[in-house]
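Report on one structure; see the data block that follows.
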Amino acid sequence: MDQKATYRTSVRRATVQVGGSPSNMYRPEYQVEQFGLQASPRDTSKIWELMDSYQGSDKLALQQSIVHHVEYTLARTRFDFSKFHSYQALSHSVRDRLIEAFNDTNLHFHQMDAKRIYYLSLEFLIGRCLQNALVNLDLEDDYREALLELGYKLEELYDEEVDPALGNGGLGRLAACFLDSLATLNYPSFGYGIRYTYGIFKQLIKDGYQVESPDFWLNQGNPWEIERLDVQYQIRFYGFVKKVWDHGVERSVWEGGETIMARAYDTPIPGYNTQNTIALRLWKSHPASEFDFSSFNTGDYFKALEQRQKAEYITSVLYPNDSTDAGKELRLKQQYLLVSASMQDIVRRFKRRKVLDWNAFPSKVALIYKIKMDQKATYRTSVRRATVQVGGSPSNMYRPEYQVEQFGLQASPRDTSKIWELMDSYQGSDKLALQQSIVHHVEYTLARTRFDFSKFHSYQALSHSVRDRLIEAFNDTNLHFHQMDAKRIYYLSLEFLIGRCLQNALVNLDLEDDYREALLELGYKLEELYDEEVDPALGNGGLGRLAACFLDSLATLNYPSFGYGIRYTYGIFKQLIKDGYQVESPDFWLNQGNPWEIERLDVQYQIRFYGFVKKVWDHGVERSVWEGGETIMARAYDTPIPGYNTQNTIALRLWKSHPASEFDFSSFNTGDYFKALEQRQKAEYITSVLYPNDSTDAGKELRLKQQYLLVSASMQDIVRRFKRRKVLDWNAFPSKVAVQLNDTHPALAIVELLRILIDIEQLDNMSAWQIVTKSFNYTNHTVLPEALEKWGVPLIEKLLPRHLEIIYLINFLFLEKVQQKYPNNWGKLSALSIVEEEGTKKVRMANLSIVGSKFVNGVAKIHTELLKTTIFKEFFEMHPNKFQNKTNGVTPRRWVRCANPALAALYDRVLGSDKWVQDMELLKQLEPNVSDPQFVRDFQMIKMENKERFVHWIRKTCQVDLNIDSLFDIQVKRIHEYKRQLMNILYVIYRYLVIKESSPEERKRIVPRSVCFGGKAAPGYVNAKRVIKLINSVADVINNDHQIGDLLKVVFMPNYNVSNAQIIIPAAELSQHISTAGTEASGTSNMKFIMNGCLILGTLDGANVEIDEAVGRENIFIFGTQVEDVDNMKEKMRNTDPHEYFPQELLKVFQEIDNGRFGHNQELKWIIDSIRHKNDNYLVGQDFKDYIKAQQQVDDLYRQPNEWAKKSIYNAIRSFKFSSDRTIQEYAEEIWQLKPIKVPEPAAQMHERVKGITLSKSQQEMAEKIKN
């Protein structure tokens, strides 16, 4: 096959011939000034240039469009999409063409200042959309022919569509017919109705009787509708009317009551043989405030979601039973929602006219005009991803090719070669291709014109454009891993604090500069769009951030891998500060959608709770059957995670709970609307919030439900993937599957896999147990015995009865081995048992994790040694080879390359390449540059620029002005007593008192300092929340003391998250990591700070010990009691008079707090009481004197700017050990026995592509022929 360079042309609808070639159809052009739309501050001519012609309607263009949606909308390969997926892709392809006409129709009506008819109806029985759209577009035959070559019959796909449940009878069908005629006759018009979640009902006939069932018509999504996230109106019910006087006129104000939001969903309605396409706008009720955090934290989960439920049932069902007062009220609410939202929308549209004249309203609201649009023709070409030059023209980069038979996927009954032909190359990455891709999503994904999309819409379009490129690589990566029959690591974690995705994706794809240039011509700055993204609320602290860094490294190092977590609707919480107190608010991070995730409507698993275990005999074997109880569904949402400088792209799969049966129709019809939606509510609150307050029994149960949902869905998914292999051999499971438990939260995965193997796959107990113990590994993250997770046996028995039986089985098998090794040693048996027998029986999840795992690791050297000698001493003595250390790391991609691009550019320039990003040990080559004054000045300039950015951010978010020449002293981490934020703020008070007592001359020698705190306290952690209050109380006094001025400032930065950290960390000069020795497992923020050239003030705890070794004791400030002395110091504290135990400096601070200097608040005294009555369990008093001494050393060094800078540089360039790449490589080689598998690079020529692929003999002959 010869490869020739050519251009692809695309046309739209009716194709005309220009010189014998297919030609694009030009669209009508409008000027923003012509019809009163608000002028954009940017030039939109480039955007218009990229959307000035229609999509093609020739066979190739239609096929390309369908296959485009197979890959980029559905994220499917040619091997794993069904007939239903083909219907979805076809529908999206047709919808693209409707959206073009819909946008042009609305612009044209607006330009003509047309009078419109607004048709309001409670019913629109529109029927299936696909065939009607194809007929009206005159594309039915074209699509039929195009589909045949792809292996599908159009008529079969028609049957995949579900009828929209938006009406009942003649009224609704009449309304639908009218919309069709209005579009066909070119009348400016708009339909308004309600988007019923469950329709009127689905009619079943049982024993001859009608039985009503919910019509789940939206269960698999609706490819025809356009969700308008930014078109929603407030609807008020109840309340009262207040009379007010306004300029001598009495006016009425409606206040109080309840408010909800009505959100718009548009369905384009095409006319027959015309460009005109109008809209049916349907309203869905949403809560104005959908989550009551205080109720959730007290365990009242129904109350927490009450507002959401009250709102959503309004548009649940058409014609609720009005035989009750509640039913009558609901009907009236529906009707008012429809008319209120519609009239607000109509008025808003009318007010966009150039001249607002209310007398003209009747002349613009009803039917009057017939309007058609002209058409013109031209050519347009398009390209895809990494572009190379072939004969001077842009050329596609070819993808690796796979054959279905090669790796055990079920062969398709159709020939997929045509589909492959249409998806065998990547999207372009030249400027034009990127611009086309962005503008494509502006129009076809967001259904926007160049006149009505905002900066946020631009962010969304850009994100979808980048996601397209991620999906290509993600699909190829999964196919390649499958073809290679690769062993995979599955990383299970309750948290994944991934941060914003856009910049990280662009950096890893090496497309940041390309998109920046492409966007400038479209009128946008890339950096401004970064700020439009909301942080995913999927974690809280180091545990989740570590998991995110690990995924980045797994992808970058080409390890076959998958992350599993939970898709929390509201995160942990959004932290607000009111009157100095932390206030928890839901984090509505999904309110505006998430362009990065791929909802897998067909990947969901049943999860069972409660019920009972039945014993049955099967061929002479007793088996257990878990039945009854409640079932919910866990649905998958995938986020692609790209590697750096590699094609490999893996997935973070998050699970969201859905009801198995979400609507009780009988309860709804009797007016019990809360009961009707009870199952839905019970299911959805499971994945609502990370770490619900477990101080109540309900909170404990919810936490356990969360953990079981994660592990059950994940293990079912892993088993399903394993069973797709050509030959099913369960003994091979450990050679293909490694599961890493990130702390004990996913420990039940051990029990769940055993249940699946024994109860479902029917393996015998011992064979199944051997498979399990070879497949799991456990990472411990704490040395605090009180932090080790335990679950009460009665709770497990109630919620997971079969799992309790299996836990007893595991414990029996394990304790038999203990008894063999330590005969009659009841102390050993008690310590090692999975079940704690004292008091209420509890299951020790750490013991379960150790017993069920092949390897156990700590996350820093000191942490691992403490595990061996303290909390897991007995396990280590029994299985010493099971324990390993894997010191944590962080990804330099996000924490240097993204967070500190100027520092990264300095490294690139001096080292001559960016290879250090993947091999940070190369930074050692910069050691001689520390003596170069210019290099030091460059470093200082970068730090100052980062400080300036931080100052602006603090001024904007905290309304505090910092002295940019002050020492920026940062402590950001979860608020906890062992992390000793209390000691820091007590020192700040001491420093403040010293400054107050200093003479003017002495003040001149004082180093100015800005002390910044950040971090969240758990909602139920009273003492931690009091520390936040103390910090803010001290800040109020110090920041308003004009005698102090800029010598000292204190700031508490609310809602600390990843994107904030990317501003804070590069600006930091001193970072405090001051936990009591032996309490912090590792810490990872300390690693991020040193990577960015920041000095550490810390104790010899966690990873500080190894940082001290790596950077040198002369480049770090170490103080405090060492771990081997902690117990003795605690004993001394308990046996010493507080006035002798605490240093005088600290006693003076206590006195100032007691005297009310920082507010007469009893809680501030309670904070001090938590340590000053022989209860200083974290040795604040013991270490305080040494802490003051270390702080003085900090001041002394900061007075020498060049010396400070040099030590900061040493920290940065000696931080290579703390790259997560090193950590992951150690896990892969020493725990997982995992080898990297790199996806083949794109090829410029087709014959080059096939080299790395296993070919049949005929294919080899063809490849050789091509080559020659």
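The values are calculated or read from the model by the stated rules, or taken from the named source; none is laboratory data. None of these values were measured; they are calculated from a predicted model. Here the Cβ is made from the backbone with ideal geometry for all residues, glycine too, and neighbour counts use every protein chain on show. Ligands, DNA and RNA are stripped out before the accessible areas are found, and what is left, the full protein with its side chains, is counted by its heavy atoms. Shrake-Rupley method; radii C 1.70, N 1.55, O 1.52, S 1.80 Å.
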Legend entry - Rounded to the nearest 20 debye, dipole of the range 231-337 from Cβ charges on Lys, Arg, Asp, Glu: 240 debye
Legend entry - Percent accessible area from carbon and sulfur atoms, the range 779-876, protein chains only, probe 1.4 Å: 56 percent
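Are any of the pairs 1185/1217; 656/723; 578/973; 615/736; 1016/1088 more than 22 Å apart by Cα-Cα distance, and if so, which?
1185/1217; 656/723; 615/736
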Inset, instruction - Would you please classify the overall shape of the range 820-861 from the alpha carbon gyration tensor, given that a ≥ b ≥ c denote the square roots of the eigenvalues, rounded means a/c under 1.5, and beyond that prolate means a/b larger than b/c while oblate covers the rest? - result: oblate
Inset, instruction - Please compute the net charge surrounding residue 830, taking Lys and Arg as +1 and Asp and Glu as -1 over other residues with Cβ under 12 Å from its Cβ. - result: -2
Inset, instruction - Assuming R0 = 56 Å, can you tell me the calculated FRET efficiency for the pair residue 1023 and residue 141, based on Cβ-Cβ distance, to the nearest 0.05? - result: 0.15
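Could you order peptides 918-929, 543-554, 1213-1224 by the average number of other Cβ atoms within 10 Å of their residues, highest first?
Peptide ranking by packing, descending: 543-554, 1213-1224, 918-929.
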Legend entry - Order by protection proxy (mean Cβ within 10 Å, highest first), peptides 426-436, 878-888, 1026-1036: 1026-1036, 426-436, 878-888
Legend entry - Percent carbon-and-sulfur accessible area, the range 212-366, ignoring ligands, DNA and RNA, probe 1.4 Å: 51 percent
Inset, instruction - Go through 122, 204 and list them by solvent-accessible area, largest first, probe radius 1.4 Å. - result: 204, 122
Inset, instruction - In Å and from the alpha-carbon atoms only, list the Rg and Dmax of the chain. - result: 32.5, 100
Legend entry - Heavy-atom accessible area per residue - the chain, 1.4 Å, Å²: 38 Å²
Inset, instruction - For the chain, return all DSSP H helices satisfying: extent of Cα atoms along own axis at least 20 Å; mean Kyte-Doolittle hydropathy at least 0.0. - result: 170-184, 542-556, 801-821, 981-997, 1022-1039
Inset, instruction - Return the percentage of antiparallel bridges among DSSP beta bridges fully within the chain, rounded to the nearest 5 %. - result: 60 percent
Legend entry - Positive-end residue of 541, 526, 590, charge dipole of the chain with Cβ unit charges: 526
Inset, instruction - Place a +1 charge on the Cβ of each Lys and Arg in the chain and a -1 charge on the Cβ of each Asp and Glu, then give the dipole magnitude about the Cα centre in debye, rounded to the nearest 20. - result: 460 debye
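For 789, 258, write out the residues from largest to smallest accessible area, computed with a 1.4 angstrom probe and no ligands counted.
Ranking 789, 258 by accessible area, largest first, yields 258, 789.
Give me the percent of the accessible area of the range 919-1034 that comes from carbon and sulfur atoms, probe 1.4 Å, all protein chains in place.
Of all accessible area on the range 919-1034, carbon and sulfur atoms account for 52 percent.
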Inset, instruction - Quick one: order 80, 266, 764 from most to least accessible surface, probe 1.4 Å. - result: 764, 80, 266
Inset, instruction - Would you mind putting 1227-1234, 348-355 in packing order, based on average other-beta-carbon counts within 10 Å, highest first? - result: 1227-1234, 348-355
Legend entry - Unit charges at the beta carbon, dipole of the chain: most positive-side option, 1194, 657, 137: 137
Legend entry - Top positive-direction residue, dipole computed over the chain with Cβ charges, set 1015, 1075, 151: 151
